[in-house]
Amino acid sequence: MRVRKAVIPAAGFGTRFLPVTRTIPKVMLPIVDLPAIHYSVEEAAEAGIEHVVLVISRGQEATSEYFGRVPALEKALEDRGNTALLERMLAISDMIDITFVYQDEPLGLGHAVLMAREAVGDEPFAVFLPDDIIWSDTPTIGKMIDIYGERGGAVISVKEVPDEAVPSLGIVDPERITDDLSRIRRMVEKPKLEDAPSNLAIIGRYVLPPEIFQEIERTTPGAIGEIQLTDALDAIRESQGAYAYRFPGEHFDVGTPLGMLKASVYAALHRDDIGQDLRDWLRDTT
Ligand code: G1P
């Protein structure tokens, strides 16, 4: 079955970015001039996904409004004859169909995904964690959808992380199939380093079968007292199998100010308009 929909949990309070997140949703913070959420939605669109379900909390409607039309702005750009910028703006609202659902209580990532159940229906779907930005020549989720088509089950993106990162991530126990693909023997959310089966961590891209919703409903609070997607996924692994895909490309965790800054500098260095100036300035200041 085709993967047509994606769920993007974006309801967090962005505590690590306070005070700016008092009024601006974390996923709307900019990487140069694009909000972080733009990258996940663009990756979904590039992989042929047709519909994105954003999970937000009340007061965060700016996140879904970003992907809608902005008539006053469009008219102003048209009046000024700025057609290039007008086209860029229209391309954002034309990118993909967006709807949103609310998560009223912060009960965990599994719970956030469950909020999208009705909007997704009875079909496989993708999940993007917008804190994880992956820059790659081809969209990571597209490759994962191909793997899902061949093998079914659940497909998760993973990367090798240093020891100190292990206790804050989901970790898999991999059985090698090829250099970039493994069958998962077990997965555990936020293990102590000594209990971790490997250093291969789940990074925020998933392709999931619809049965995940029943499994989340059965899942009791796990690591840090939250309903963890990883725990429900481990149940899916048992019944249908699960695969870990090591993606190529650059990954940034923009869930912290330092990670956001690194992603911004990386993105800016690769831009034709400002890259060289930034490189010169960095050389002179460091
Ligand atoms: C979530 C997942 C975790 C994954 C991580 C990747 O954790 O639960 O398995 O490794 O995202 O960013 P969170 O960052 O929400 O604590």
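Taking helices (runs of 4 or more DSSP H) that do not extend beyond the range 186-275, which have at least 3 residues that are near the ligand (Cβ under 10 Å from one of its atoms) and at pLDDT 95 or above?
On the way: elements: 212-218, 229-240, 257-269.
In the range 186-275, the matching helices (runs of 4 or more DSSP H) lie at 229-240.
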> Only one of Asp146, Asp137 is assigned to a loop (DSSP other than H, G, I, E, B), under 20 Å from the mean Cα position of the chain (by Cα) and either farther than 18 Å from Ile8 by Cα or within 16 Å of the ligand (Cβ to nearest atom) (or both); which?
Replying inline: Asp137
> Which residues, taken from the range 158-172, are of a type outside the set (Lys, Arg) and farther than 16 Å from Ala232 by Cα?
Replying inline: Val158, Glu160, Val161, Pro162, Asp163, Glu164, Ala165, Val166, Pro167, Ser168
> Since Ile184 meets every condition but one in (1) surrounded by fewer than 22 Cβ atoms within 10 Å (Cβ to Cβ); (2) closer than 16 Å to Gly153 by Cβ, which condition does it not meet?
Replying inline: (1)
> How many residues are touching a Ser or Thr at 6+ places or on another chain (Cβ under 7 Å) and surrounded by fewer than 23 Cβ atoms within 10 Å (Cβ to Cβ) if we restrict to the range 29-42?
Replying inline: 2
> Which pairs do you get when a residue that is of a type in the set (Gly, Ala, Ser), found in the range 198-217, comes within reach of a residue that is not in a strand (DSSP E or B), reach meaning Cβ atoms under 6 angstrom, with the pair 6+ apart or on two chains?
Replying inline: Ala201/Val161; Ala201/Leu169; Gly204/Leu129
>> Please determine whether any residue of the range 78-97 is over 25 Å from Ile202 (Cβ atoms) and assigned to a strand (DSSP E or B).
In response: yes
> Out of the range 60-96, which residues are out of contact with any helix residue (DSSP H, G or I) (no Cβ under 8 Å at 6 or more places or on another chain) and in contact (Cβ under 8 Å) with a residue 24 or more places away in the chain?
Replying inline: Gln60, Glu61, Ser64, Ser93
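The values are calculated or read from the model by the stated rules, or taken from the named source; none is laboratory data. Quick caveat: nothing in here was measured; it's all calculated off a predicted structure. Cβ atoms come from the backbone with ideal geometry, glycine included; neighbour counts cover every protein chain shown.
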